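*Asks:* Mind having a look at this structure? Questions to follow.
Laboratory data are not the source of any read-out in this text; all were calculated from the coordinates shown. Computed from a predicted model, the values in this text were never measured in an experiment. With ideal geometry, Cβ positions are generated from the backbone for all residues, glycine too; neighbour counts draw on all protein chains shown.
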Amino acid sequence: MPLTSKKPPLPSDDKRWRIVNGTMRRHGYARDALIETLHTVQESFGFLDKPALRFVADSLRVPLSQAYGVATFYHFFTMKPPGEHVCLICMGTACYIKGAGALLNEAQAALGIQAGETTADAKASLMTARCIGSCSVAPAVVFDGETMGNVTGKNLREKLAGWRPA
Amino acid sequence: MTFEELEQIATETRENREKSPCELNVCVAAGCLSLHSDAVKKSLEEEVKRTGATCRVRGTGCMGLCSLGPLVASEPSGQLYKSVAPADATEIVENLEGVPVPRLLCSREQPFFQRQNLIVLENSGRIDPEKIEEYIAADGYRALVHALTEMNANEIVQEVSKSGLRGRGGAGYPTGLKWGTVAKTAGTTKYVICNADEGDPGAFMDRSVLESDPHRVLEGMAIAAYAVGATRGYIYVRAEYPLAVKRFGAAIREARRLGFLGSQICNTKFNFDMEVRIGGGAFVCGEETALIASIEGRRGSPRPRPPYPAQAGLWDMPTLINNVETFANIPSIVRRGGDWYASIGTRKSKGTKVFALTGKVRNVGLIEVPMGTTLRQIIYEIGGGVPEGHKFKALQTGGPSGGCIPEQFLDLSVDYESLRELGSIMGSGGMIVMDDSACMVNVARYFMEFCMSESCGKCIPCRSGTAQMFELLTRMTEGTATARDLELLEELCDMVSSTSLCGLGQSAPNPVLSTLRYFRDEYIEHINDKRCRAGVCECGSAVGVTA
């Protein structure tokens with residue numbers, strides 16, 4: 001294999017691709033940087049799409065099938081664009097024992113969507129997590145990256161209503 | 001770095017701290033942060049600035065009693081304040097040296113604190129995790145310098161063997177034995193991996209250690225690398241723990257700056273550096289061969305063992321994999337000796353164990369107790385028992401690979417063997433207390449749903465078996481199951497546990513088996529009477545009936 005293989009061009013002028021490229025460069029374009037790079041893509045763009053997977057796969061010289069396999073294997077990666085706001089309900093054991101199931105039902109009813117979906121107006125996404133390690137303040141919900149502990153149905157409804165003013 | 005230089009940094013740091021007579025330590029680990037301790041810290045800082053008080057406000061790691069957060073410790077008086085709100089800042093700063101604020105006081109004399117024995121958590125809540133100097137002032141990195149300058153690799157392995165330390169990830173493999181195997185195996189490059197993919201739901205020990213005292217883990221890894229002859233290290237942290245990732249990343253940079261990582265560490269021939277790898281939210285990656293696949297940038301599928309990672313691990317090289325808590329014990333063992341460590345605990349399980357005590361118990365939080373402490377002491381003395389109006393039903397340990405322990409076995413002491421005999425496992429340290437409002441059939445179904453969706457799909461017993469068992473358990477909770485379904489469930493438990501490829505499948509039936517063993521009558525009620533005594537399952541006409 002030639003030592004200086006040609007790198008594919010950036011998919012667009014979007015500056016965020018340079019951040020993605022930066023991660024790959026830091027790892028010397030090694031193949032094992034695939035997951036790290038996909039993390040950067042998701043952090044920058046919010047989700048992974050096919051052009052992104054193709055770009056990363058070509059840059060790191062891994063088969064597209066492997067990139068797709070990795071992207072769909074790990075729960076943390078999503079191939080759907082998230083809504084403007086994200087509500088993530090922890091379903092860990094401590095949260096489950098303290099009523100996370102009821103919170104999830106509450107949120108599904110309030111947003112009119114199931115877990116893993118985004119509202120039609122793209123305002124809010126509803127996600128669940130296996131355990132976010134905030135068991136001491138169960139049940140816990142993460143609203144736009146900020147963890148809230150000891151959540152009640154009332155807290156949850158208020159927060160969600162604030163995202164989608166009637 | 002020499003002992004003298006280390007001592008100098010420690011002295012300077014201590015002198016610096018003594019310049020301000022008072023200190024307010026605010027917990028900024030995940031638990032308290034989610035109760036907005038950052039706002040409390042900011043408010044205290046502003047108040048100190050406004051009043052001109054000679055007091056330093058520091059962010060520290062977890063103080064343990066997370067259910068009463070945000071916690072603030074006032075030094076040197078040693079007072080601990082609970083449930084502090086930003087508005088309490090004025091009162092706290094006013095009473096720095098005088099009478100403490102009674103309304104917020106949280107006694108340190110209570111069994112929750114008194115019953116513990118801190119080794120892994122000794123600095124937790126006492127130092128600023130983002131300042132390497134504070135770790136050094138708390139005797140940090142002395143063990144590494146001692147190991148590198150005064151011990152050879154073999155002596156360290158001997159010391160760790162002598163300590164009797166066993167893998168804290170849950171399986172309990174003797175750490176010294178593992179290190180010895182990696183040390184003896186030849187390889188051009190060897191690796192050390194820290195497994196921080198704390199996947200068990202209901203467990204947050206590793207998260208807390210990484211957030212509260214990251215250098216302890218880093219030091220343990222560096223000592224391990226020297227002992228087994230490794231030059232590269234990885235720490236595989238869950239993506240769900242962004243704060244732990246951030247703090248450990250900062251710790252690596254700080255350690256490089258002071259020469260604890262890099263080449264010719266402490267003027268010896270020892271070279272070692274490491275990096276953080278972020279997981280992708282797959283439970284199976286806690287299994288060591290799957291974790292290695294993930295670091296290599298692939299899907300986290302396990303492979304058959306042997307060969308064990310100690311012989312052929314990361315990129316087929318000899319690799320040492322230990323859990324966060326295992327590494328966190330190492331600096332203390334090297335500093336104080338294997339004999340000291342072996343004097344704590346039981347005959348076969350030495351030292352202490354960190355547990356995350358959660359669920360229906362008064363004192364929720366992080367605890368560290370000597371092995372051999374009884375479950376009753378943990379739940380009733382340290383945990384303060386089940387809140388008023390409810391009755392204890394079961395203690396769940398070991399996450400989806402563990403089981404539920406009923407009341408009659410609570411006097412059993414905690415060690416690897418006794419928990420296994422009960423049909424549960426030590427696991428990584430999650431302890432979830434369940435009261436009479438929990439339905440054990442539903443709990444079993446909950447864990448089976450977890451294993452089903454976390455199964456990587458590589459081997460059929462696990463992929464299909466967990467799905468079939470989930471289906472059977474669902475029928476029971478919905479009131480459509482027959483006696484034949486129960487027989488089938490038991491057959492499947494046996495088949496899945498004996499034929500699955502990795503630990504995930506092999507242990508997936510454990511929650512079902514242990515609830516069947518101790519709470520079989522609940523299964524029978526669901527099947528024959530269509531009744532759920534806890535009122536959780538909607539399995540028939542008797543919905544909502546409580547025992």
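*Asks:* Which shape class, rounded, prolate or oblate, goes with the stretch B:139-342 when its Cα gyration tensor gives a ≥ b ≥ c as root eigenvalues, a/c under 1.5 marks rounded, and past that a/b bigger than b/c marks prolate? Don't skip to the answer; put the middle values down first.
*Replies:* Details: a/c = 1.39, a/b = 1.22, b/c = 1.13.
Note, shape of the stretch B:139-342 comes out rounded.
*Asks:* Oh, and also: Can you tell me the relative contact order of chain A? Whole percent, Cα pairs under 8 Å, sequence separation 6 or more.
*Replies:* On the way: 232 pairs, mean separation 29.9, N = 166.
The value is 18 percent.
*Asks:* Distance in nm between label sites at B:HIS390 and B:GLN110, each 7 Å beyond Cα in the beta-carbon direction?
*Replies:* About 1.8 nm, to one decimal.
*Asks:* Where in the stretch A:89-123 does the label zone of A:PHE47 land, with the point 7 angstrom along Cα→C-beta and an amide N cut-off under 20 Å?
*Replies:* A:89, A:108, A:111-123
*Asks:* Is the C-alpha gyration tensor of the protein assembly as shown telling us rounded, prolate or oblate? Criteria: a/c under 1.5 is rounded; beyond that, a/b larger than b/c is prolate, otherwise oblate.
*Replies:* Working: a/c = 1.27, a/b = 1.12, b/c = 1.13.
In terms of gyration-tensor shape, rounded.
*Asks:* Continuing with this model, one more query. Fewest Cβ neighbours within 10 Å first, please rank B:VAL354, A:VAL142 accordingly. Please report the intermediate quantities before stating the final value.
*Replies:* On the way: B:VAL354 27, A:VAL142 19.
Neighbour counts put them in this order, fewest first: A:VAL142, B:VAL354.
*Asks:* Take every Cα pair under 8 Å in chain B that's 6+ residues apart, average their separations, divide by the length, and report that relative contact order as a whole percent. Provide the component values of the computation, followed by the final result.
*Replies:* Numbers: 1195 pairs, mean separation 71.9, N = 547.
So the answer I get is 13 percent.
*Asks:* A follow-up question, please. About the Cα centre of the protein assembly as shown, how large is the charge dipole given +1 on each Lys and Arg Cβ and -1 on each Asp and Glu Cβ? Please answer in debye to the nearest 20. Working shown, then result.
*Replies:* Working: 78 positive and 81 negative charges, 294 e Å.
Dipole about the Cα centre, nearest 20: 1420 debye.
*Asks:* Something else now. Put +1 on the Cβ of every Lys and Arg and -1 on every Asp and Glu Cβ in chain A; which of A:GLN66, A:VAL86, A:THR40 then has its Cα farthest towards the positive end of the dipole?
*Replies:* Ranked along the dipole, the leading option is A:GLN66.
*Asks:* Next question, about the same structure. Taking every residue in A:147-154, how many Cβ atoms of other protein chains lie within 10 Å of its Cβ, on average?
*Replies:* Mean inter-chain Cβ contacts per residue within 10 Å come to 3.
*Asks:* Let me ask something else. Residues of A:69-77, mean number of Cβ from any other protein chain within 10 Å of their own Cβ, rounded to a whole number?
*Replies:* Details: counts 3, 6, 2, 1, 12, 9, 9, 8, 3.
Neighbouring Cβ atoms belonging to other protein chains average 6 per residue here.
*Asks:* Which shape class applies to the stretch B:393-448: rounded if a/c is under 1.5, otherwise prolate when a/b exceeds b/c and oblate if not, where a ≥ b ≥ c are the square roots of the Cα gyration tensor eigenvalues?
*Replies:* Numbers: a/c = 2.07, a/b = 1.35, b/c = 1.54.
Cα axes put the stretch B:393-448 in the oblate bin.
*Asks:* Based on a Kirkwood Rh over C-alpha pairs, give the Stokes-Einstein translational diffusion coefficient of the stretch B:74-125 at 25 °C and viscosity 0.890 mPa s in µm²/s. Before the final figure, lay out the partial values.
*Replies:* Values: Rh = 12.5 Å.
Value of D from the Cα-based Kirkwood radius: 196 µm²/s.
*Asks:* Of all DSSP beta bridges located in the protein assembly as shown, what percent are antiparallel, nearest 5?
*Replies:* Values: 34 of 67 bridges.
Of all bridge pairs located within the protein assembly as shown, approximately 50 percent are antiparallel.
*Asks:* Moving on. What's the exposure ranking of B:LEU492, B:LEU357, going from fewest to most Cβ atoms within 10 Å? Show your work: numbers first, answer last.
*Replies:* On the way: B:LEU492 19, B:LEU357 31.
Neighbour counts put them in this order, fewest first: B:LEU492, B:LEU357.
*Asks:* How about the stretch B:263-348: which trypsin sites (Lys or Arg not before Pro) there are in a DSSP loop, with at most 11 other Cβ atoms within 10 Å of their Cβ?
*Replies:* Details: sites: B:LYS269, B:ARG277, B:ARG298, B:ARG299, B:ARG335, B:ARG336, B:ARG347, B:LYS348; in loops: B:LYS269, B:ARG298, B:ARG299, B:ARG347, B:LYS348.
Qualifying residues, ordered by number: B:LYS269, B:ARG347.
*Asks:* Please compute the length gained on full extension between A:GLU84 and A:ALA102, using 0.36 nm multiplied by the number of residues separating them and subtracting their Cα-Cα distance.
*Replies:* Values: separation 18, 0.36 × 18 = 6.48 nm, distance 2.40 nm.
So the extension gain works out to 4.1 nm.
*Asks:* Taking the Cβ of A:THR152 as the centre, find all other residues whose Cβ is under 15 Å away and add up their charges (Lys, Arg: +1; Asp, Glu: -1).
*Replies:* Working: positive: A:LYS98, A:LYS154, A:ARG157, A:LYS159; negative: A:GLU106, A:GLU158.
That sum, taken over residues with Cβ under 15 Å, equals +2.
*Asks:* What's the average, rounded to a whole number, of partner chain beta-carbon atoms within 10 Å of each residue's beta-carbon in A:93-103? Don't skip to the answer; put the middle values down first.
*Replies:* Values: counts 16, 15, 4, 10, 13, 6, 1, 0, 3, 0, 0.
Counting Cβ atoms of other protein chains within 10 Å of each residue's Cβ and averaging gives 6.
*Asks:* Counting only DSSP beta bridges with both residues in chain B, what percent are antiparallel, rounded to the nearest 5? Mind showing how you got there, number by number?
*Replies:* Values: 27 of 54 bridges.
If we restrict to bridges inside chain B, about 50 percent are antiparallel.
*Asks:* Sticking with this one: So how far apart, in nm, are the two label points at B:THR54 and B:ALA171 if each is 7 Å from Cα heading toward Cβ?
*Replies:* If labels sit at B:THR54 and B:ALA171, their model points lie 5.6 nm apart.
*Asks:* If you don't mind, another one. Which order results if A:CYS87, B:CYS55 are arranged by neighbouring Cβ count within 10 Å, fewest first? Numbers along the way, then the final one.
*Replies:* On the way: A:CYS87 24, B:CYS55 21.
Sorted ascending by nearby Cβ count, the order is B:CYS55, A:CYS87.
*Asks:* Report the Cα centroid-to-centroid distance between the stretch B:417-476 and the stretch B:378-392 in angstrom, as an integer.
*Replies:* 24
*Asks:* Quick one: length gained pulling B:VAL101 to B:ALA483 fully straight, 0.36 nm per residue minus the C-alpha distance?
*Replies:* Details: separation 382, 0.36 × 382 = 137.52 nm, distance 6.10 nm.
Taking B:VAL101 through B:ALA483 to full extension adds about 131.4 nm, to one decimal.
*Asks:* With labels modelled as points extended 7 Å from the Cα through the Cβ direction, what inter-label distance (nm, one decimal) is found for B:LEU410 paired with B:ASN16?
*Replies:* 4.8
*Asks:* Can you work out the PRE-style zone for B:ASN528? Point 7 Å along Cα to Cβ, and I want the residues of the stretch B:473-508 with backbone N under 12 Å.
*Replies:* B:483
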